[in-house]
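Here is the structure we will look at, set down as structure tokens.
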Amino acid sequence: KQGLPVSGEACPHHLILTDENIKNLNPNYKMNPPLRSKEDLDALIEGLKDGTVTCISTDHAPHSDEEKLKPIDQAPFGIIGNQHAFSLVYTYLVKKNPPKYISKQLADNNIILPLGLKWNSLLNCKLK
């Protein structure tokens with residue numbers, strides 16, 4: 001609203017899973033920020049569509065099986081992400097939504113925004 005240069009991100013697990021997934025207290029679903037409601041997931045999807053969410057990132061936080069097999073109150077926060085990000089986004093989002101905005105948010109913006117570049121296209125970037 002004020003014309004400030006801001007961006008927002010969401011992770012594949014927050015675009016696919018909800019707090020319903022952790023009701024069985026499986027530590028594999030213990031993460032920060034935690035999983036939220038279906039309404040929150042839908043709001044993130046709308047944010048992807050309208051450009052409010054500018055990046056899909058992974059928040060990759062792997063842990064050993066030994067760590068994640070502990071009771072939920074002792075298990076660490078975190079979920080894997082790098083090796084599954086593209087396939088999850090493609091399977092659960094691209095097949096349901098136009099891929100033109102998904103590919104920009106999954107690939108291009110993750111490269112360009114942190115570097116302080118202005119997005120014209122992945123092959124035609126200019127410094128601000």
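The values are calculated or read from the model by the stated rules, or taken from the named source; none is laboratory data. On a predicted model such as this, the values are computed, not experimentally measured, just so you know. Every residue, glycine as well, gets a Cβ built from its backbone with ideal geometry; the counts of neighbours run over all protein chains shown.
At a glance:
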{"quantity": "Count of residues meeting criterion [farther than 24 Å from residue 25 by Cα and modelled with pLDDT of 85 or more] in the stretch 73-94", "calculated": "0"}
{"quantity": "Residue tally, condition within 18 Å of residue 8 (Cβ to Cβ) and of a type in the set (S, T, N, Q), over the stretch 36-91", "calculated": "4"}
{"quantity": "Any hit, the stretch 39-59, residues being in contact (Cβ under 8 Å) with a residue 60 or more places away in the chain and of a type in the set (A, V, I, L, M)", "calculated": "no"}
